[in-house]
Amino acid sequence: MALTGTFEDISFGELLQVLNVGHKSGRLMVWRGAEKADIFVKDGEVFRAISRRERGPEVVYRILGWKSGEFSFERADGPVLREISESTEHLILEGMKRYDEWEHFEAQMPDMQVVLRQRAFAVNEHFEALSLQAQTVLRLVDARRNVATIIRESGIDPAEAFKAVTELLVEGIVEEWTEGTLDSEVLAAKDRLPEAKGAIDFQASSYFASKEQLTRTGNPADAAAARGARRSPLRGRAG
Amino acid sequence: MASINYALKEIVCKIVYYGPGMCGKTTNLQFIHQHTQPDKRGNMVSLATPGERTLFFDFLPLEAAQVHGFRTKFQLYTVPGQVMYNSTRKLVLRGVDGVIFVCDSQWEKMRENLESFRNLIENLASYGYSLETTPCVVQYNKRDLPNIAPVEYVQYLINPRQTPSFEGIAIHGEGVFESLSEICSLVLANLTHKQKAGVA
């Protein structure tokens, strides 16, 4: 008789631990909606993992992130071709580590619809130290575009662009601008909008743009920071 | 919850080194690994976490005496100390038989020690375990550093239950085997106790 259940009752990680400690052999089928995977276990060690799209340790790592789904384990003692060399303990812990890292990243991730603006002072301080992707993305942050638009227009691989946006947010170089709603001009223009000019454009247009935002939000500390930001490039030029 | 393998006549006990990031858990395990006979121990597996801060998972079966004809084996684990790795810590704690809580004696680490200790209690509770039922040993590590709190103070914060505790300088091996042998005997005593009570 098969051992069956749902991942709400016992997580995939715990299930693997049970099979591992009990030195079980057989085939573990897991599914969630249309996603399916087969995991072959021999003496408690995962020998082979196959899903429709991939095979190997990656399958195990992916399923460790599932919060729902069902499983069925059938005992079988036949020989199994070993394709995974890592120990099951290693697989479980590496997978959980990745899961924790993803959760951590996800918690920092911005909402796709939120409009971003630059923090002028921080931009001037840190621009040179940013990655190329972050610099590209930063040019599109103009208090009118939302995260989705910025990523689409950046021309960078979406995942990379997303990482760059997150980096800028975490470093405090851009911030969510809650008063900003997606500008109707951006909505109407779709992909034809001219390149945004952010506060990194020291030739002032962006500075005034950001100053305008600041007066609208009326945060004196930010306004002071923006003034400081304007002075620094001028000083640089004089020297 | 030691696992008993009747086919191999083996009892496997799981010992987990817990504590905040950078407190010396991995240093403990490395020292034990270096100072045990190669035929008495398995390979140490370690996974690196970003920032190259800590090795995070070590697995080291140490063989000990026989109990009722069964060989006893100890598996030693460390958990990643950084706050973000909580699911990993929780999973490592599953089925734990004994905990060595390693704390960093430096004044500025007291908060982290306390947070990690509370996190341990929380994670144990999620499996229905508690420090009342799970043997625990506390190691006050890094006693060689200049900026350290008195043992009595750390004890007051972290170890109100007054479980056995040791001062340690894990990097030089001080307190390492003392903590380990204490937890091993506590775990075995607990196992015998449970067996008599008919639980395990």
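Things worth noting here:
- Whichever residue in the range A:106-132 is in a helix (DSSP H, G or I) and free of Cβ contacts under 8 Å to residues at least 40 places away in the same chain and, among such residues, is nearest to the other protein chains (Cβ to nearest Cβ): A:107
- Filtering the range A:27-50 to residues that are part of a strand (DSSP E or B) and either within 14 Å of chain B (Cβ to nearest Cβ) or surrounded by fewer than 19 Cβ atoms within 10 Å (Cβ to Cβ) (or both) leaves A:27, A:29, A:31, A:32, A:35, A:36, A:38, A:45, A:47, A:48, A:50.
- Checked against (1) modelled with pLDDT under 95; (2) within 14 Å of chain A (Cβ to nearest Cβ); (3) buried (at least 21 other Cβ atoms within 10 Å of the Cβ), residue B:123 meets all criteria but (1).
- Scanning the range A:71-105 for residues being in a loop (DSSP other than H, G, I, E, B) and either buried (at least 19 other Cβ atoms within 10 Å of the Cβ) or within 14 Å of chain B (Cβ to nearest Cβ) (or both) gives a total of 5.
- Given (1) at pLDDT below 85; (2) more than 19 Å from the chain's Cα centre (by Cα), index of the condition residue A:157 fails: (2)
- The residue list A:65, A:69, A:33 contains one member that is within 22 Å of the chain's Cα centre (by Cα) and more than 26 Å from residue B:13 (Cα to Cα), which is A:65.
- Number of the condition not met by residue B:181 [criteria: (1) exposed (fewer than 15 other Cβ atoms within 10 Å of the Cβ); (2) farther than 21 Å from residue B:16 by Cα]: (2)
- Residue A:68 in contact (Cβ under 8 Å) with a residue 40 or more places away in the chain and more than 10 Å from every other protein chain (Cβ to nearest Cβ): yes
- Filter pass, residue B:140 being within 14 Å of chain A (Cβ to nearest Cβ), aromatic (Phe, Trp, Tyr), surrounded by 14 or more Cβ atoms within 10 Å (Cβ to Cβ) and free of Cβ contacts under 8 Å to residues at least 60 places away in the same chain: no
- Test: residue in the range A:122-136 that is surrounded by 20 or more Cβ atoms within 10 Å (Cβ to Cβ) and closer than 18 Å to residue A:163 by Cβ: yes
- Leading residue by the ranking (farthest from the chain's Cα centre (by Cα)) among those in the range B:1-19 that are away from chain A (no Cβ under 11 Å) and assigned to a loop (DSSP other than H, G, I, E, B): B:9
- Of the candidates A:15, A:19, the single residue that is more than 15 Å from residue A:70 (Cβ to Cβ), touching a strand residue (DSSP E or B) at 6+ places or on another chain (Cβ under 7 Å), outside any strand (DSSP E or B) and within 14 Å of another protein chain (Cβ to nearest Cβ) is A:19.
- So residue A:145, is it in contact with a strand residue (DSSP E or B) (Cβ under 8 Å, 6 or more places away or on another chain), basic (Lys, Arg) and either farther than 30 Å from residue B:45 by Cα or surrounded by fewer than 22 Cβ atoms within 10 Å (Cβ to Cβ) (or both): yes
A quick yes/no check of all residues on (1) modelled with pLDDT under 70; (2) of a type in the set (A, V, I, L, M); (3) in contact with a Ser or Thr (Cβ under 8 Å, 6 or more places away or on another chain):
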position	(1), (2), (3)
B:5	no, no, no
B:17	no, no, yes
B:21	no, no, yes
B:30	no, no, no
B:44	no, yes, no
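- Filter result for residue B:32 (closer than 26 Å to residue B:189 by Cα, more than 10 Å from every other protein chain (Cβ to nearest Cβ), assigned to a helix (DSSP H, G or I) and touching a residue at least 40 places away in the same chain (Cβ under 8 Å)): yes
The values are calculated or read from the model by the stated rules, or taken from the named source; none is laboratory data. Remember, predicted model here, so these are calculated numbers, not experimental data. Here Cβ is always computed from backbone atoms with ideal geometry, including for glycine, and neighbour counts include all displayed protein chains.
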